[in-house]
Amino acid sequence: MSSGAASGGASAAGAAVAMANAIRACGTIITVEASEFEQILQQTEAPLVVTATQGIFKTSYRYITSYRGLAFYCQNATSLVLPSRAEIINAKKITVPNI
């Protein structure tokens with residue numbers, strides 16, 4: 001086996017370990033559609049919602065909240081109407097690992 005193939009395999013293994021560590025650090029993040037995200041917020045007495053607007057040519061609105069110990073994430077082309085009882089944190093960026 002050449003050293004290039006060995007280092008390629010090591011790189012892939014390193015990437016897999018890094019992804020596993022990122023998942024452990026972040027916990028489970030569940031991606032939902034905007035309508036489902038709004039339903040979750042309606043079921044929460046005082047939701048905490050982190051928001052971020054991203055994009056240069058096309059804006060996307062990103063949201064994350066916690067419900068019953070799980071993190072729910074939503075990305076939408078238009079901004080959502082958040083409940084007035086929600087505590088909102090405007091973040092510079094929300095990053096969700098790709099799995």
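Checking Val50 against (1) within 15 Å of Asn90 (Cα to Cα); (2) modelled with pLDDT under 95, only one condition comes out false. Which one?
Of the numbered conditions (1) within 15 Å of Asn90 (Cα to Cα); (2) modelled with pLDDT under 95, the odd one out for Val50 is (2).
Select, from Arg85, Arg62, the only residue that is over 12 Å from the mean Cα position of the chain (by Cα), charged (D, E, K, R) and modelled with pLDDT of 85 or more.
Exactly one of Arg85, Arg62 is over 12 Å from the mean Cα position of the chain (by Cα), charged (D, E, K, R) and modelled with pLDDT of 85 or more, namely Arg85.
If I ask for residues that are over 18 Å from Val32 (Cα atoms) and either within 15 Å of the chain's Cα centre (by Cα) or surrounded by 15 or more Cβ atoms within 10 Å (Cβ to Cβ) (or both), which ones from the range 88-99 would you list?
Listed by number, the residues that qualify are Ile89, Asn90, Ala91, Lys92, Lys93.
Tell me which residues, restricted to the range 67-86, are farther than 12 Å from Phe37 by Cβ and either assigned to a strand (DSSP E or B) or aromatic (Phe, Trp, Tyr) (or both).
If the condition is that a residue be farther than 12 Å from Phe37 by Cβ and either assigned to a strand (DSSP E or B) or aromatic (Phe, Trp, Tyr) (or both), then Leu70 is the only one that fits.
May I ask you to list the residues in the range 55-74 that are surrounded by 12 or more Cβ atoms within 10 Å (Cβ to Cβ) and either touching a residue at least 40 places away in the same chain (Cβ under 8 Å) or among the aromatic types (Phe, Trp, Tyr) (or both)?
Tyr61, Tyr63, Tyr67, Leu70, Ala71, Phe72, Tyr73, Cys74
The values are calculated or read from the model by the stated rules, or taken from the named source; none is laboratory data. Since the structure is predicted, the reported quantities are computational estimates derived from the model, not experimental observations. In this analysis, Cβ positions are derived from the backbone assuming ideal geometry, glycine residues included, and neighbour counts consider all displayed protein chains.
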